[in-house]
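Bear in mind that the values in this text are calculations on the coordinates, not laboratory data. Given the structure is predicted, the values throughout are model-derived calculations rather than measurements. Here the Cβ positions follow ideal geometry from the backbone for every residue, glycine too, while neighbour counts run over all protein chains shown.
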Amino acid sequence: MSRTVGGADADSLERSSSRRADSIRFGPKAYGVERAEVYLSTCAFSPHRHDTYAIGVTTAGVQTFGYRGSRCVCLPGQLHVLHPDEAHDGAAGTEDGFSYRILYIAPELIRGALAGRALPFVADPVQEPTPAVRPIASLLADIDDPISELSCAEIAVAVADCLLSLSGRRGRLRATIDLRAVGLVRDYLAAHAREQTPASILEEIAGIDRFTIARHFRWAFGTSPDRYRTLRRLALAQAAIASGQSLAQVAAEVGFADQSHMTRASSSGPTA
């Protein structure tokens, strides 16, 4: 019989000497966005609520949870979508336990990314790994990546568009690309790749809000502003390494948090 714990208190999780220990690990958080990686076997979550969207991907095992009067099952690769202020619990469906990665995102970020439109509601809390949900799976591929102010807007846009699609509401705010605006953003990011440019600076340069910048930049250039800046940093790093500088020194000089951050960035694909 599993014991239960309320919320996401890692310190109160039971430990088992005969199997992998139950655990919750949080990644860096910022600007209304938080990510976690969870493994549960001997414990379960008691009913609780979040004031954020909670969107996760089961990575192993069988996850079960009660939500809106039904018992749900989420298998590896499937996405689960829990809306703000909706009671739910969570437990392993088999003795082997289960693991998942999850994104918590403030509803005001989603509303901002939808230009003030009403929050979308996804009726089915378990979603198959279709192309519509791949952007969110990508956001959870590495929860250890720092979240910049710029990438926060990109995350909000990716999640908002995914939720809008899953809710069945038509229209993803597609519009004519503001090439002048995103061209100015690209030029600025290329010239200031080493810096942690605030999203507010890009808004001033482009004359449009950060969520529109994120959408139009991807439509125009096939990647996000934050990833574009990362690629410019990697180009600077490559040149510095070729000149004989140490990896740690290069990482600090070109704008990465540390050497491991630079290494992960060099091997990761596009995100948000």
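Tell me, what ³J(HN,Hα) does each residue in the range 199-206 have, in order and in whole Hz, if you take phi through Karplus 6.51 cos²θ - 1.76 cosθ + 1.60 with θ = phi - 60° and put x for Gly and Pro?
Couplings: 4, 5, 5, 5, 5, 5, 5, 8 Hz.
Over the alpha-carbon set of the range 178-272, work out the extent along each principal axis and list the three values in angstrom, largest first.
Projected onto its principal axes, the Cα set of the range 178-272 covers 41, 23, 18 Å.
Can you give the Rg to Rh ratio for the range 78-157, taking only C-alpha atoms and Rh from Kirkwood? Each step should come with its number before you reach the end.
Values: Rg = 14.2 Å, Rh = 14.6 Å.
Radius of gyration over Kirkwood radius for the range 78-157 works out to 0.97.
Given bins 5 angstrom wide, list per bin the percent of all Cα-Cα distances in the range 37-179, short to long.
Calculated over all Cα pairs of the range 37-179, the distribution is 2, 9, 19, 23, 21, 14, 7, 3, 1, 1, 0 percent.
Considering only DSSP beta bridges whose two residues both sit in the chain, what percent are antiparallel, to the nearest 5?
Numbers: 37 of 41 bridges.
Percent antiparallel among DSSP bridges in the chain is about 90.
222 nm [θ] for the chain, helices only, -39500 (n - 2.57) per DSSP H run of 4+, per residue, to 500?
Working: 9 runs with 100 residues, N = 272.
Value at 222 nm, helices only: -11000 deg cm²/dmol.
What is the distance in Å between the Cα centres of the range 188-257 and the range 114-182?
If you average the Cα positions of each part, the centres end up 21 Å apart.
Just need the relative contact order of the chain here, percent rounded to a whole number, with Cα pairs under 8 Å and 6+ apart. Don't skip to the end; give the middle numbers.
Details: 505 pairs, mean separation 41.4, N = 272.
So the answer I get is 15 percent.
Which peptide among 128-139, 241-252 comes first, and what is the full order, when sorted by highest mean count of other Cβ atoms within 10 Å?
Numbers: 128-139: 16.2, 241-252: 13.4.
Highest-to-lowest ranking by the protection proxy: 128-139, 241-252.
Give me Rg/Rg_expected for the chain, where Rg uses Cα atoms only and Rg_expected = 2.2 N^0.38 Å with N residues.
On the way: Rg = 20.0 Å, N = 272, 2.2 N^0.38 = 18.5 Å.
So the Cα radius of gyration is 1.08 times the expected 2.2 N^0.38 Å.
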